[in-house]
Structure formats: structure tokens, C-alpha cells
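The values are calculated or read from the model by the stated rules, or taken from the named source; none is laboratory data. Note that the structure is predicted; figures quoted are calculated from it, not measured. Ideal geometry is used to build each Cβ from the backbone, glycine not excepted, and the neighbour counts take in all protein chains shown. Keep in mind that these areas ignore ligands, DNA and RNA; they rest on the heavy atoms of the full protein, side chains included. Shrake-Rupley method; radii C 1.70, N 1.55, O 1.52, S 1.80 Å.
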Amino acid sequence: MTETFNQFILREQYLKVKGLGDRLELMKEQIDWKPFVPLVRKVFFDDKEQGGRPHTDELVVVRTLLLQGWYGLSDPELEFQINDRLSFRNFLGFPETVPDFSTVWKIRERLQKEGIDRKIWNELQRQLDEKGYEVKKGVIQDASFVEADLGRKRHYQEKKAEKEGRIVKYSEKQKAHIDRDATFSVKHGQVHYGYKAHVKIDVDNGLIRAVETSTASLHDSQVNLVKKADKAAYRDKGYFGAPVPEGVEDKTMKKATKSRKLNGGELKRNRAISTVRAPGERPFAVIKRVFHNGRTLVKTLVRVAIKEVFKAFSFNLYQLVTLKRHELAAAMRK
């Protein structure tokens, strides 16, 4: 494809940004992007028989959703930043046109409806194994809250109406802005409202190998991501009593009960498991503190779920860059 004058100018301007250090450029180099093209193509309906306008480039689709994961952007903010930032344009490959916020929304909806988001995730996992990052020592399963907007004024009015025996009625427009699936949960005395991301992390490399999403009130132990090939499952006390597949070593921390305290050996075992599990907090910390992406702006479980898939995808690319840097540093010390 012939480069336009506008693309040439943008590439020239980007050279200085690259010289200053652009992690997005490093992210782009970590995986083979070509296998994602036929997967995303399936959600567009513009072939010769059906007609329609040319669709958004498939790689631009995937990379746009990854940018949203890395920077915690709403769809309108994402559109603005893509048009405003040279590093974003470079990551997308300097396309002549970029998707507007309504296109991003529609594409994400189609990917979820057709189950393509899961096929994208499975392709990423295949590539991680191919690169030598397969599970060797075991996995860590953990969960973290994804906070949603409660709508405090509306919540207060509903509670007041409930006490008075009234029912608050909403217009269709108002209903569109009300979260339908978020629930409450209390942990360590703190009230959470929203959803919960359940992840399985590779002990060896700190990569996310599985992700599921539930409402906040579902107990962690009700989601089991451990598979037969995972070798060992390191889990905190919240999973105590939840089984693991046959052949997988159960490294779940023991939990004391009212009738029985833990003995010295069990406490020592818990500390050893906790040491292995500690790096499992890194994905949540990076997503919330580095990506500023610990909250959700969408209003249903299925919409939160696809965003969590791309957050996990985003983290894995971020972690691959970190692993490469560690490998280079280790090689230089030899």
C-alpha cells in the first residue's frame, strides 16, 4: 500500500517520540498480529454479496481495544486520544482513518456477541505457549473488584421510596444509564459495588492465563479456573474447600474455624504458599494503578466481561516487555 503524504509527515514527527522511549512500540513487537485478522473479520458484513461500506482494519480494531485497556479511557476519550497522540497513531500503524467512539462501541458489542473476544484470547495464549511461556510450576488464582458507579442520588431515592412503600419509575433513557447487573459485596469492612475479575496467573512468568468476570457478590470460590495441565494451584483462604482437578497439587491456604485453630505446620505451609502467591497481586496493581483501569463505565456483565478480557490482554503485553527487559539485564550480567 502506497504511503500518503499525511502518513509520511506523521511518521517523521513520531521519530522524536520514539527516541524519547515509547513502550507502545515495544508492545507491538511482542506478538504475531496476523492470526487476529481472520478472527475479527468475521464480525463485519461488507463482502461482495452483502455490500456495505469498507470496514475498520482488523488490526486497528484489536490495537484500539488494547489502548483502551492500557489507559483506562472511555470510548469518546479513546477517539480523542487516538487523534491527538502520535504514539497511539504509530501503535495503530498510522491508518488513514481511525474508528470513532460509536464504531468502537459497536465493534466491541459484535466481538462479544459472536464470541470472537474469547477466540482472540485463546490465540494470545497459544502464542505465549509457543514462545516458551507455558505453565511449568503452577498457577495462582485470585480475584479483584471492578468498581462501578452506584449512582448515589438514585440509590438514596430508591431506599427512601422503599421505606415509604413507593416504587420509583424511570424513563427508557434513564434505564439505559442504570447498571443492571452490578451487586454489593463487603470485604475487610469495605463496601464494594460492581463486578469481580477472576484471573489465573502463571507462577513462572506472571502472565494471565485465564480470566472470567462475575458480579461483586459472587464468592471467589465459586469460579474455578484451574485445569488439569496447571500442575499446582496456589490459592488463598477464600478458596478453602474448593476442589482442584485430579492430578493438580492443591496449594490452597488452610483456613481456621471456630472449632479448630491452625497448628504450627499449617501456619508454616500457609506462609510458604503466601510467598508464592504474592506476585499474583501484580496484574491487579498494574491494571488499577498504572493503567488507571480499576473502574468500569459500562452497565452490564457481558460488557464488563469483554473489557476485562482486553485488560488482561493489555497486561500480558506489558508483562512480556518486562520479561524481555529482565532477560536482557540477566544476559548483560553474565
Residue, surrounded by the most Cβ atoms within 10 Å (Cβ to Cβ), within region 1-17, restricted to residues that are polar (S, T, N, Q) and part of a helix (DSSP H, G or I): GLN7
Count of residues meeting criterion [modelled with pLDDT under 85 and either within 20 Å of GLU96 (Cβ to Cβ) or not in a helix (DSSP H, G or I) (or both)] in region 18-43: 1
Sole exception among (1) assigned to a loop (DSSP other than H, G, I, E, B); (2) open to solvent by 30 Å² or more (accessible area, probe 1.4 Å) for GLU109, by number: (1)
Residues of region 178-199 satisfying the condition of being part of a strand (DSSP E or B), open to solvent by 10 Å² or more (accessible area, probe 1.4 Å) and touching a residue at least 24 places away in the same chain (Cβ under 8 Å): THR183, PHE184, SER185, LYS187, HIS192, TYR193, LYS196
Residue satisfying all of: in region 283-312; in contact (Cβ under 8 Å) with a residue 60 or more places away in the chain, part of a helix (DSSP H, G or I) and among the small types (Gly, Ala, Ser); most open to solvent (accessible area, probe 1.4 Å) among these: ALA305
Hey, ILE82 surrounded by 15 or more Cβ atoms within 10 Å (Cβ to Cβ), assigned to a helix (DSSP H, G or I), aliphatic (A, V, I, L, M) and in contact (Cβ under 8 Å) with a residue 24 or more places away in the chain or not: no
Test: GLU249 is under 17 Å from ASP202 (Cβ atoms), open to solvent by 30 Å² or more (accessible area, probe 1.4 Å), out of contact with any His (no Cβ under 8 Å at 6 or more places or on another chain) and at pLDDT below 95: no
Count of residues meeting criterion [of a type in the set (A, V, I, L, M) and open to solvent by less than 30 Å² (accessible area, probe 1.4 Å)] in region 227-244: 3
Any chance SER74 is surrounded by fewer than 16 Cβ atoms within 10 Å (Cβ to Cβ) and among the small types (Gly, Ala, Ser): yes
Residue match in region 300-315 (condition: under 21 Å from GLU212 (Cα atoms), within 12 Å of the chain's Cα centre (by Cα) and hydroxyl-bearing (Ser, Thr, Tyr)): yes
